[in-house]
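The values are calculated or read from the model by the stated rules, or taken from the named source; none is laboratory data. Remember, it's a predicted structure, so these values are computed and weren't measured experimentally. Please note: Cβ atoms are built from the backbone with ideal geometry, for glycine as well, and neighbour counts cover all protein chains shown. Only protein heavy atoms, including side chains, enter the accessible area calculation; ligands, DNA and RNA are left aside. Shrake-Rupley method; radii C 1.70, N 1.55, O 1.52, S 1.80 Å.
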Amino acid sequence: MAANNRRMSGKKGAQVGSGGQRRRGLEGKGPTPPAEMRKGHKKNRIAGAKAKQATATRRTATLKGRGGKGTSEMVVGRNSVVEALREGVPASMLYVQQFIDNDERVREALQLAGERGGIHLMEAPRPELDRMTNGLNHQGLVLQVPPYEYAHPEDLAAAAYDQGQDPLIVALDGVTDPRNLGAVVRSVSAFGGHGVVVPERRAAGMTAGAWKTSAGAAARTPVARATNLTRALEGYKKAGIAIVGLAADGEHTVGDLEALGGPVVIVVGSEGKGLSRLVGETCDYRVRIPMPGGTESLNAGVAAGVVLYEAARRRS
């Protein structure tokens, strides 16, 4: 016993243990992760490539739709619905009141919707139509216009260059009447322009009224929407496109401005206020339309038509 005590007393103090490291080393590491998650594995590389491709696809889709959509619209009333259908305003649904008096306008609306195709007919009770139109006098006919697909400002210039042409674009600054927008779209189409740019806020959009005024030109002339019109114009300038603003006190007259013969964006302001300060400062040229008759100003559609004619004349 004494010998045993001597052997034990020969130790140099307490020994340090492993701290559980050996025990943890013997423990399992859990289930093996799937091959797609193991770095270096073939399936992991394939999964990574698919993820990159999906990201690229989402980015492409975002760029394609970056102009954004407008909001859906209801055209109400027999005369308004018939006129919209005659003028080719896009429509997705024609609501007809149950037990409606079947007059000539109702029959024509049904005929036009049927001939065009792609317009669904829906019979609905009067209370439902009252609710849909917030109590407006719909007279038993309601036409649903789908949201307008706006282009992006850059797309207009790109389309022109793809056709081997210098861009001819009209931008509207502070124009709030949809009929003026429709008239401008019609003029741009008539003189070979490549589109119209409108601001996203405090400006007219492509409503049913704009479609009707364009007399079908809206179907072939794109309208782009800019979050910030000044930045959009600056982007055009960086691309080598001249920015020409219409102003009653402009330094140049329309007939003397050679820049209209090249790549150009024509900026038209509101009939009352004209160009806003920032937009006016962004313009490379400010031009005026001589009016010997003494009229102070022209509406946006007429003013744009005059300048577009001069631009088209110089390009011919």
Between ASN134 and ALA239, how many nm apart are label points set 7 Å from Cα along the C-beta direction? 3.6
Please give, to one decimal in nm, the separation of the simple spin-label points placed at GLU104 and ARG288, each 7 Å out from Cα toward the Cβ. 5.0
Rounded, prolate or oblate, given the Cα gyration tensor of the stretch 155-296, with a/c below 1.5 counting as rounded? rounded
How large, in percent, is the carbon and sulfur part of the accessible surface of the stretch 204-289 at a probe radius of 1.4 Å? 47
SER92 versus TYR161: modelled label distance in nm, points set 7 Å from Cα along the beta carbon direction: 3.4
Using the Kirkwood radius over Cα pairs, work out the Stokes-Einstein diffusion coefficient for the stretch 144-231 at 20 °C and 1.002 mPa s, in µm²/s as a whole number. 167
Computed magnitude of the charge dipole of the stretch 253-316 (debye, nearest 20; Cβ of K, R +1, Cβ of D, E -1): 80
How much accessible area does TYR236 have with a 1.4 Å probe, in Å² rounded to the nearest 10? 10
Under unit Cβ charges (Lys, Arg +1; Asp, Glu -1), what dipole magnitude, rounded to 20 debye, does the stretch 199-316 have relative to its Cα centre? 500
accessible surface per residue for the stretch 132-233, probe 1.4 Å, DNA/RNA/ligands not counted, whole Å² -> 41
